[in-house]
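Quick notes on the structure that follows.
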Amino acid sequence: MNKILVLCGLSASLLLAGCQSVNTTSAGAVGVERKQYMFSMLSSEEVNQMYSQSYTKTVGEATNKGVLDKTSSDAKRVQVIADRLIAQAPNFRPDAAQWKWEVNLIKSDELNANCGPGGKIFVYTGLIDSLKLTDDELAAVMGHEIAHALREHGREAMSKAYGIEMAKQGAGALLGLGQDSLALADAVANYGMTLPNSRSNENEADLIGLELAARAGYNPNAAITLWDKMSKASEGAPPEFLSTHPSSSSRTASLQAAIPKVMPLYEQAKK
């Protein structure tokens, strides 16, 4: 067990040694100010380019399969909401105004949406249809996903994974760890380092997404009804300790505490 603890410590040391401390966004009214550690050899531009290639490939495949929706009323809704949210992104990071944003609606039963590095957005029709989302609720989930991109949570996760992999390769021989010990060390590193930060990232995306939606003129209270619908649709999810997403109760409490901070922005946007 001591060797495993050493490996975890070495992972953290290597991660910090090869990383730079940054804060990718301004705090905003919601006050997201956590410092992030990014691997110095993994630039934002490189990550954005890698994801852009993957995004283009997925769009092409969806087109070939006839599941790319560009003309329906929902596709138009998604585009309008995305445009309003994207217009507010520079409030958190000015360079987002130069991103090559894209948004596409995919015909799928999947209850999902995402925004990858550099502002590449997918929304799946199952999310809209199954949950019967209002425009305000759709703005809440899209704002949440855009917030992940603004905070560069993808690059942050890649930086952590790279540091852990470096430690595994070097420390396996150094400490004489067998495969079983390395597998256990993997679990310790994952649950002890990666997942708590992932839950933190989800909370950050909730808060920044809430403010983006409010600034765009969407009712921030819709975030509560959105995640209530998501919770009911996701019964049987793993407990919060082993999950990358906050529990329904903690997520709702965090959002409710933040709504008064962004309500004046919503009221101003509605004038």
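Going by the structure shown, is G154 in a helix (DSSP H, G or I), among the small types (G, A, S), within 26 Å of G31 (Cβ to Cβ) and modelled with pLDDT of 95 or more?
Taking the combined requirement at face value, the residue does not satisfy it.
For the stretch 90-113, indicate whether the set of residues that are within 19 Å of W227 (Cα to Cα) and buried (at least 16 other Cβ atoms within 10 Å of the Cβ) is non-empty.
Within the stretch 90-113, one or more residues are within 19 Å of W227 (Cα to Cα) and buried (at least 16 other Cβ atoms within 10 Å of the Cβ).
Yes/no matrix, rows are residues, columns are (1) in a loop (DSSP other than H, G, I, E, B); (2) acidic (D, E):
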{"residue": "L111", "(1), (2)": "yes, no"}
{"residue": "C115", "(1), (2)": "no, no"}
{"residue": "G118", "(1), (2)": "yes, no"}
{"residue": "I121", "(1), (2)": "no, no"}
{"residue": "D129", "(1), (2)": "no, yes"}
{"residue": "H148", "(1), (2)": "no, no"}
{"residue": "M158", "(1), (2)": "no, no"}
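When the stretch 35-49 is examined, which residues are found to be of a type in the set (A, V, I, L, M, F, W, C) and in a helix (DSSP H, G or I)?
Passing the criteria: only V47.
Pairs please, first residue from the stretch 61-87 and within 14 Å of S108 (Cα to Cα), second anywhere and in a helix (DSSP H, G or I) and among the β-branched types (V, I, T), Cβ atoms under 7 Å, 6+ apart in sequence or on different chains.
L68/V59; D69/T125; D74/T125; D74/I128
Within the stretch 222-271, take every residue that is touching a Lys or Arg at 6+ places or on another chain (Cβ under 7 Å) and at pLDDT 80 or above and give me the one that is farthest from A27 (Cα to Cα).
W227
Restricting the first residue to the stretch 14-27 and requiring it to be among the aliphatic types (A, V, I, L, M) and modelled with pLDDT of 80 or more, which pairs with a second residue that is crowded, with 20+ Cβ neighbours inside 10 Å and in a strand (DSSP E or B) meet a Cβ separation below 6 Å and a spacing of at least six or different chains?
Partner pairs satisfying both residue conditions: V22/Q36; V22/M38.
The values are calculated or read from the model by the stated rules, or taken from the named source; none is laboratory data. Keep in mind that this is a model prediction, so the values were computed, not measured. Don't worry about glycine lacking a Cβ; one is built from the backbone with ideal geometry, like all the others, and counts go over all protein chains shown.
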